[in-house]
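The structure appears below as structure tokens.
The values are calculated or read from the model by the stated rules, or taken from the named source; none is laboratory data. Remember, it's a predicted structure, so these values are computed and weren't measured experimentally. Reconstructed Cβ throughout: ideal geometry from the backbone, glycine too, with neighbour counts over all protein chains shown. Remember, those area values only see protein heavy atoms, side chains included, never the ligands or the DNA or RNA. Shrake-Rupley method; radii C 1.70, N 1.55, O 1.52, S 1.80 Å.
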Amino acid sequence: MTVRERAGEYGVAVRFVDLGDWGESELRSEYDPALREIRVHFKLAPELIEFAIAHELYHHREAIGEIEVLPARAEREAAADAFAREMTAAR
């Protein structure tokens, strides 16, 4: 199953948008729980798109209570990256 198919199973839309310039680092993607939507920066390199979607799916899983929300933002982001690495390596 692809990462996009997994997002579809969760009822999460994936859109490509301009997320703007965030100074030194570029915002690659974001999850909007109100809309159940993952926004991916339209300039993101193709090889990073699946990883970005998987990373945001982790945050969706937090939002729906499927997994525990870790207390520190750094922990949550590291866990989301680990989840994305696992999902994209399995393909």
Open item on the list: For the chain, give me every one of the helices (runs of 4 or more DSSP H) that falls completely inside it and has 1 or more residues that are of a type in the set (Gly, Ala, Ser), at pLDDT below 95 and on the phi < 0 side of the Ramachandran plot.
Closed with: 73-89
- [ ] Count, please, the residues in segment 23-55 that happen to be open to solvent by 80 Å² or more (accessible area, probe 1.4 Å) and farther than 16 Å from Val12 by Cβ.
- [x] 7
- [ ] Kindly list the number of the only condition in (1) surrounded by fewer than 19 Cβ atoms within 10 Å (Cβ to Cβ); (2) closer than 22 Å to Glu75 by Cα; (3) hydroxyl-bearing (Ser, Thr, Tyr) that fails for Tyr58.
- [x] (1)
